[in-house]
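This report concerns only the one structure given below.
The values are calculated or read from the model by the stated rules, or taken from the named source; none is laboratory data. Predicted model, so just to flag it, every value in this text is computed and none were measured. Here the Cβ positions follow ideal geometry from the backbone for every residue, glycine too, while neighbour counts run over all protein chains shown. The area values use the complete protein model at the heavy-atom level, side chains included, leaving out ligands, DNA and RNA. Shrake-Rupley method; radii C 1.70, N 1.55, O 1.52, S 1.80 Å.
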Amino acid sequence: MQMTAPAAARIRPLDRRRIIADRRLVGAVFCRAYSRRVDEWLAEVYRGAGGPERGVALVAVGGYGRSELSPESDLDLLLLHERGRDVANLAGDLWYPVWNEGLKLGHAVRTVPQTLQLASDDLDTATSLLSARHVAGDGGLAERLAGSARDQWTRRARRWLPQLAQDARWREFEHGEVAFRLQPDLKESTGGMRDLQALRSVALARPDLADPDGAMVRGAHETLLAARVELHRATGNARNLLTLEVQADVAAALGHATVEDFMTAVAAAGRTVGWVADETWAGVEHWTAPRGMRRRRPAVTTLEVGVQIRHDRNEVRLTPEVAVRGDVLLPLRVAVAAASRGTRIERDSLLRLGAEMTPLGDPWPAGARELFVELLACGRNAIPIIEALDQAGAVVKILPEWETCRSRLQRNDYHRFTVDRHLCETAAQAADMIAGGEVSVRRRDLLLVASLLHDIGKGYPGDHTIVGMELMEVIGCRMGFDADDVATLVRLVELHLLLPDVAIRRDIDEIGTVQRVAEQVRSVEMLQLLAALTEADAISTGPSVWTRWKADLVRGLVRRTESYIRSGVLGGEPDAFPTPEVTEAMVAGTELLEVAERQLIVVVPSAPTVLGAVAGAVSLNGLNVLSAAVHTAGGMTALAVFVEPPPGVGLEWPPVLADVRAALAGELVPGERLARWAHAASGAGDALAPEPVTESYVKFDNEISSVTVIEVAAPDSLGLLHWITEALVHSGLHIEQARVQTLGDHVVDSFYVHDGSGGRIVDPERLERIAAAVREAAGIAPAP
């Protein structure tokens, strides 16, 4: 049955661009309007092709079947026919107009039995048919397929629902979570559109396990759908990755005042969907467990009047008669009961707690602080309980200040979590360190509360540390801590970045470095609390933050500072360079080029360009320089460089050593090759994070050491250490040490330099010339 030329000419074009350009249509409203227009157009194409009204039907499935077409979505269509009908020509007459419109098409031609047979063995087909919807032709045939597919889905639910849960776990591994990704995949990341589709599929088989149309999920669904529609509009393609460069356009299109507000909304939606999905998969796991496993233990144990634990479901629940409003501490007791046992809080009970809970008020009632600390002391088990309470709206009734940091993304690749999740992770890490005996502090309550609230100032205007100190004072008093304890908590917030910054950017064997830290921490007890907070904070920030090298430096600084506070002298073995072996080689005038694990040792005749040459050669091999020490005596220069390969890449020394030898011999000029590589890569790299961890600057410190310390913060780039050392050498400086700290896509390099005679550089004009040279080398804008 061929479409005649006059019939084809009478079919109006889809004119999809007109709907896409109508900015009044956003989110679900756009999707329904666009899907309706496609329905009308396809029905017209079907009629023009002579499609029969009986025995053949055009059916929308998948996202199109749900009427959730985004601007660049594929059309998933099924041409359904009764057995014996020849629809080959009709199929071609339907598909070609779609392709001519520039649309991507997923298409199939089958009978109802063929379709159901395929759906019996293929999960993707089975779930796509759950949204099967009549577009044109025989409506009864389409409805027969839709009804049969849903009946078959329900009958096979015990097979398919665990597979949905398994797929969800895999997506989390593969694509991360919408809430925590700097550039989330709105469809595939956990908490994204794919999870929402899975929840609908579960609800069709077991409505008691999922509620995809509840108010909590409905709002999150609209947020994600609106973001996806505008992402397609902004990019003109079907990608679902919300990249940095397009986030501002999408935010503006949706009327958000700032990108941060928009991404916080996306993160909150993703967290809600992810949490609901997690609850659903737990229910699926219980429902599909073998009957013997579900009945192995007594069903219920009473923990206190009105609070029970149901063992077969591994959840704490409230009995119907318990009064939540009349017991202000009940939510905290339930939370501790669940976290201490590693169980969940039953969903209905959780929602009751959130809705009926009375705010703790100011001051907190007696016993509240102790329960709160006990909850934090549960470590990792506390995180899902706090997350659940937060989803139910209970956390802000405990800590009103939590609202501002809730779901706030830290828009740099240094942090892997939202602010609130990072705080929970830090408190859990601190609790686990205490439980495991890794740290010893006299006041675990102060450590746990400080860990939870050390970044509470993020999200408020101003410096987050200063704002956090003010908030901590208010919160500490509200919790009922005495004045000394509140002062300790405030001080911990103030100093929570001190130890890593000093350890990584300064020489911990310098007495001035240790004195500066000791003057600020003032006591061994404060130092121990701060050291534990530092480690918990770093581990919880991201995988690149607490390396063995950084851990050794911070712990070394803590040992030296504790010894200085107790006795007035430095403690611990100094990280001396040169070593006796290197000193012997220097005295003998023997050249060395050796490696030990991740450290490169070089001894060569003295030249100010040694560090720059070695740093350039190392950069050419894709390695990061973490620290470098330089020592010159008797006409020889010794250099120790500690390097780190990129994550997931092994360290192969032979090509590195070959390039280092060539650079030192003048046969390889690293700067020339680095410049070519940088030019070739210009414009091709990833966008810098919109919220860098640190601002760019050049600073001088003439107080902490006998030489001048130059600290440079700048965006990381290929060969950056090489270019900065070149600028320092050309400024007539001799470099004794170099230390490098990586903070996301920025670095902070510290150089111990002198003027050749061993003295500090103090002349203001010379310091400004040096600063200008370094800024130019590092790509930092001139100082205003």
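What pairs come out if I take residues in region 111-130 that are closer than 20 Å to VAL202 by Cα and free of Cβ contacts under 8 Å to residues at least 24 places away in the same chain and pair them with residues that are of a type in the set (D, E, K, R) and open to solvent by 20 Å² or more (accessible area, probe 1.4 Å) whose C-beta lies under 9 Å away, six or more apart or interchain?
LEU118/ARG110
Confirm whether ARG181 is touching a Phe, Trp or Tyr at 6+ places or on another chain (Cβ under 8 Å) and among the basic types (Lys, Arg). Spell out the reasoning first.
Details: touching a Phe, Trp or Tyr at 6+ places or on another chain (Cβ under 8 Å): no; among the basic types (Lys, Arg): yes.
No; evaluated as a whole, the condition is false for this residue.
Only one residue in ASP39, ASP15, ASP76 is modelled with pLDDT under 95 and open to solvent by 20 Å² or more (accessible area, probe 1.4 Å), so which one is that?
Details: ASP39 fails: modelled with pLDDT under 95; ASP76 fails: modelled with pLDDT under 95.
Selected residue: ASP15, the only one of ASP39, ASP15, ASP76 that is modelled with pLDDT under 95 and open to solvent by 20 Å² or more (accessible area, probe 1.4 Å).
Condition check: under 25 Å from LEU129 (Cβ atoms) and part of a helix (DSSP H, G or I). Does ASP211 satisfy that?
Numbers: under 25 Å from LEU129 (Cβ atoms): yes; part of a helix (DSSP H, G or I): no.
For ASP211, the condition - under 25 Å from LEU129 (Cβ atoms) and part of a helix (DSSP H, G or I) - is not met.
Any idea which of GLN197, GLN152 is open to solvent by 10 Å² or more (accessible area, probe 1.4 Å), in a helix (DSSP H, G or I) and either farther than 24 Å from ARG32 by Cα or touching a strand residue (DSSP E or B) at 6+ places or on another chain (Cβ under 9 Å) (or both)?
Numbers: GLN197 fails: either farther than 24 Å from ARG32 by Cα or touching a strand residue (DSSP E or B) at 6+ places or on another chain (Cβ under 9 Å) (or both).
Just one listed residue meets the conditions, GLN152.
Kindly indicate the residue of region 353-366 that is open to solvent by 30 Å² or more (accessible area, probe 1.4 Å) and among the hydrophobic types (A, V, I, L, M, F, W, C) and also nearest to ALA431 (Cα to Cα) among those meeting that condition.
Of region 353-366, the ones open to solvent by 30 Å² or more (accessible area, probe 1.4 Å) are 355-356, 358-359, 361-363, 365-366.
Those left that are additionally among the hydrophobic types (A, V, I, L, M, F, W, C): 355, 366.
Details: ALA355: 29, ALA366: 23 Å.
Of everything passing the filter in region 353-366, ALA366 is nearest to ALA431 (Cα to Cα).
Quick test for you: out of ASP348, ASP312, ASP327, pick the one residue that is within 30 Å of ASP195 (Cβ to Cβ), assigned to a loop (DSSP other than H, G, I, E, B), without any contact (Cβ under 8 Å) to a residue 60 or more places away in the chain and open to solvent by 40 Å² or more (accessible area, probe 1.4 Å).
Numbers: ASP348 fails: assigned to a loop (DSSP other than H, G, I, E, B); ASP327 fails: within 30 Å of ASP195 (Cβ to Cβ).
Sole residue among the options that is within 30 Å of ASP195 (Cβ to Cβ), assigned to a loop (DSSP other than H, G, I, E, B), without any contact (Cβ under 8 Å) to a residue 60 or more places away in the chain and open to solvent by 40 Å² or more (accessible area, probe 1.4 Å): ASP312.
Inside region 229-257, can you point out the residues that are touching a helix residue (DSSP H, G or I) at 6+ places or on another chain (Cβ under 8 Å), without any contact (Cβ under 8 Å) to a residue 60 or more places away in the chain, hydrophobic (A, V, I, L, M, F, W, C) and part of a loop (DSSP other than H, G, I, E, B)?
Across region 229-257, the qualifying residue is only LEU242.
Please verify whether VAL641 is within 35 Å of the chain's Cα centre (by Cα), assigned to a strand (DSSP E or B), within 19 Å of LEU718 (Cβ to Cβ) and at pLDDT 75 or above, treating the condition exactly as stated.
Spelling it out, VAL641 is indeed within 35 Å of the chain's Cα centre (by Cα), assigned to a strand (DSSP E or B), within 19 Å of LEU718 (Cβ to Cβ) and at pLDDT 75 or above.
Which residue pairs have Cβ atoms closer than 7 Å, lie 6 or more positions apart in sequence or on different chains, and pair a first residue in region 200-216 that is farther than 20 Å from ALA269 by Cβ with a second residue that is in a loop (DSSP other than H, G, I, E, B)?
Note: no pairs meet the criteria.
Quick one: how many residues across region 709-730 are open to solvent by 30 Å² or more (accessible area, probe 1.4 Å) and either over 31 Å from the mean Cα position of the chain (by Cα) or aromatic (Phe, Trp, Tyr) (or both)?
Selection size over region 709-730: 3.
Yes or no: ARG478 open to solvent by 30 Å² or more (accessible area, probe 1.4 Å) and either within 24 Å of TRP364 (Cα to Cα) or modelled with pLDDT under 95 (or both)?
Working: open to solvent by 30 Å² or more (accessible area, probe 1.4 Å): no; either within 24 Å of TRP364 (Cα to Cα) or modelled with pLDDT under 95 (or both): yes.
No, not satisfied.
In region 496-554, which residues are part of a helix (DSSP H, G or I), within 23 Å of GLY437 (Cβ to Cβ), without any contact (Cβ under 8 Å) to a residue 60 or more places away in the chain and polar (S, T, N, Q)?
Result: THR534, single match.
When you go through LEU570, LEU611, LEU651, LEU626 one by one, which is the residue that is open to solvent by less than 40 Å² (accessible area, probe 1.4 Å) and touching a Lys or Arg at 6+ places or on another chain (Cβ under 9 Å)? First the steps, then the outcome.
On the way: LEU570 fails: open to solvent by less than 40 Å² (accessible area, probe 1.4 Å); LEU611 fails: touching a Lys or Arg at 6+ places or on another chain (Cβ under 9 Å); LEU651 fails: open to solvent by less than 40 Å² (accessible area, probe 1.4 Å).
So the residue among LEU570, LEU611, LEU651, LEU626 that is open to solvent by less than 40 Å² (accessible area, probe 1.4 Å) and touching a Lys or Arg at 6+ places or on another chain (Cβ under 9 Å) is LEU626.
Please verify whether GLU768 is out of contact with any helix residue (DSSP H, G or I) (no Cβ under 9 Å at 6 or more places or on another chain), of a type in the set (Asp, Glu) and either in a helix (DSSP H, G or I) or surrounded by fewer than 17 Cβ atoms within 10 Å (Cβ to Cβ) (or both), treating the condition exactly as stated. Working first, answer last.
Values: out of contact with any helix residue (DSSP H, G or I) (no Cβ under 9 Å at 6 or more places or on another chain): yes; of a type in the set (Asp, Glu): yes; either in a helix (DSSP H, G or I) or surrounded by fewer than 17 Cβ atoms within 10 Å (Cβ to Cβ) (or both): yes.
Yes; evaluated as a whole, the condition is true for this residue.
Okay, residues lined up against (1) open to solvent by 30 Å² or more (accessible area, probe 1.4 Å); (2) in contact with a Phe, Trp or Tyr (Cβ under 6 Å, 6 or more places away or on another chain); (3) among the aliphatic types (A, V, I, L, M):
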{"site": "ALA368", "(1), (2), (3)": "no, no, yes"}
{"site": "GLU374", "(1), (2), (3)": "yes, no, no"}
{"site": "ILE383", "(1), (2), (3)": "no, no, yes"}
{"site": "VAL396", "(1), (2), (3)": "yes, yes, yes"}
{"site": "PRO400", "(1), (2), (3)": "yes, no, no"}
{"site": "GLU403", "(1), (2), (3)": "yes, no, no"}
{"site": "ARG421", "(1), (2), (3)": "yes, no, no"}
{"site": "THR426", "(1), (2), (3)": "no, no, no"}
{"site": "ALA430", "(1), (2), (3)": "no, no, yes"}
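Which residues, counting only those in region 732-753, are at pLDDT 90 or above and either surrounded by fewer than 19 Cβ atoms within 10 Å (Cβ to Cβ) or over 16 Å from THR708 (Cβ atoms) (or both)?
If the condition is that a residue be at pLDDT 90 or above and either surrounded by fewer than 19 Cβ atoms within 10 Å (Cβ to Cβ) or over 16 Å from THR708 (Cβ atoms) (or both), then GLY732 is the only one that fits.
Inspect region 60-73 for any residue being crowded, with 23+ Cβ neighbours inside 10 Å, more than 21 Å from ALA227 (Cα to Cα), out of contact with any Ser or Thr (no Cβ under 9 Å at 6 or more places or on another chain) and modelled with pLDDT of 95 or more and give the result as yes or no.
No, region 60-73 contains no residue that is crowded, with 23+ Cβ neighbours inside 10 Å, more than 21 Å from ALA227 (Cα to Cα), out of contact with any Ser or Thr (no Cβ under 9 Å at 6 or more places or on another chain) and modelled with pLDDT of 95 or more.
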